[in-house]
Amino acid sequence: MQVYPDKLEAQLKRELATAFLVAGDDSLLQRDAVDAIRASASSAGFSSIETTNQDANFDWQAWLSSCAEMSLFGDQRLLELRLTSSAIGAEGSRALCDYLANPAPDAVLLVTAPKISGKPKWVSQFIQAGVYTPIYPLDSDALPQWLSARATRHGLR
């Protein structure tokens, strides 16, 4: 499903999905969404965080294999994959689609990415199998309401 940032916390209170994609170029809004997902996963017992950064020489099959491995101590894991580009190629798309079709039973996947153009197959899979949160920059009309909500959330109002 697609959930916008202002509705993400309510969605997390209802259900912790097995996979999340947070994509966009506004780093503050992206970090807020990621922090909310981490907090929800932590309160649900996901105590181990495994972070992987995708780069030019990224081995998608090795990543997929590591996701399938069970935690040594039986911990529930938050698997964070940080994409440096939303153009992940056929191999990356296939690996993410394979994971989403058969997610690790002891894990929640959290993928962060820059802004995504169009709707590649792997993004469509996130919408079907998990939660996709697109991050758009705030426009000048929405900024006052966003600031007010943020101040209230942090007890400053």
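Sorting check: for 63-70, 131-138, which peptide has the highest mean count of neighbouring beta carbons within 10 Å, and how do the rest follow?
Peptide ranking by packing, descending: 131-138, 63-70.
Can you give the angle from 0 to 90° between the axis of helix 5-14 and the longest principal axis of the chain, with both taken from C-alpha atoms, to the nearest 10?
That works out to roughly 60 degrees.
How do Arg38, Arg153, Arg14, Arg77 line up, fewest other C-beta atoms within 10 Å first?
Least to most surrounded, the residues fall as Arg14, Arg153, Arg38, Arg77.
Taking amide H positions as placed in the peptide plane 1.01 Å from N, state which residues far from Val111 in sequence (5 or more) or on other chains have amide H under 5 Å from it.
Phe20, Leu21, Val22, Leu81
Only helical DSSP H runs with n ≥ 4 go in: add -39500 (n - 2.57) per run for the chain, normalise by residue count and round the 222 nm mean residue ellipticity to 500 deg cm²/dmol. Mind dumping the intermediate values first?
Numbers: 6 runs with 69 residues, N = 157.
Taken over the chain, the calculation gives -13500 deg cm²/dmol.
Search the structure for amide H atoms under 5 Å from the amide H of Val3, placed 1.01 Å from N in the peptide plane, and list their residues when 5 or more places away or on another chain.
Amide H to amide H, under 5 Å and 5 or more residues apart or across chains, Val3 pairs with Tyr132, Thr133.
How many angstrom lie between the Cα centre of segment 1-26 and the Cα centre of segment 39-53?
15
For segment 35-49, just list the computed ³J(HN,Hα) in residue order, Karplus coefficients 6.51, -1.76 and 1.60, θ = phi - 60°, integers in Hz, with x standing in for Gly and Pro.
After applying 6.51 cos²θ - 1.76 cosθ + 1.60, I find 4, 5, 5, 4, 5, 5, 5, 4, 6, 8, x, 7, 8, 10, 10 Hz.
Report, in degrees rounded to the nearest 10, the 0 to 90 angle that the Cα long axis of helix 89-101 makes with the longest principal axis of the chain.
90
Please find, in a Gaussian network model of the chain (springs between Cα atoms separated by less than 10 Å), the residue of Gly130, Gly92, Gly118 whose mean-square fluctuation is greatest.
Gly118
Pairs of alpha-carbon atoms within less than 8 angstrom and 6+ residues apart define the contacts here; what relative contact order does the chain have, in percent?
39
Please order Trp122, Trp146 by the number of other Cβ within 10 Å, starting at the fewest.
Ranked by crowding around the Cβ, least crowded first: Trp146, Trp122.
Tell me the net charge near Gly89. Cut-off is 15 Å between Cβ atoms, Gly89 excluded, with +1 for each Lys or Arg and -1 for each Asp or Glu.
Here the charged neighbours net out to -2.
Looking at segment 5-153, what % of its DSSP beta bridges pair antiparallel, to the nearest 5?
Percent antiparallel among DSSP bridges in segment 5-153 is about 0.
Work out how far the C-alpha atoms of the chain reach from end to end along every principal axis, then list the three figures in whole Å, largest first.
Ordered largest first, the chain gives principal extents of 47, 35, 25 Å.
Rule-based calculations on the coordinates, nothing more; no lab input. All of these numbers come straight from a predicted model, not from anything done at the bench. Cβ: placed from backbone, ideal geometry, glycine included. Neighbour counts: every protein chain shown.
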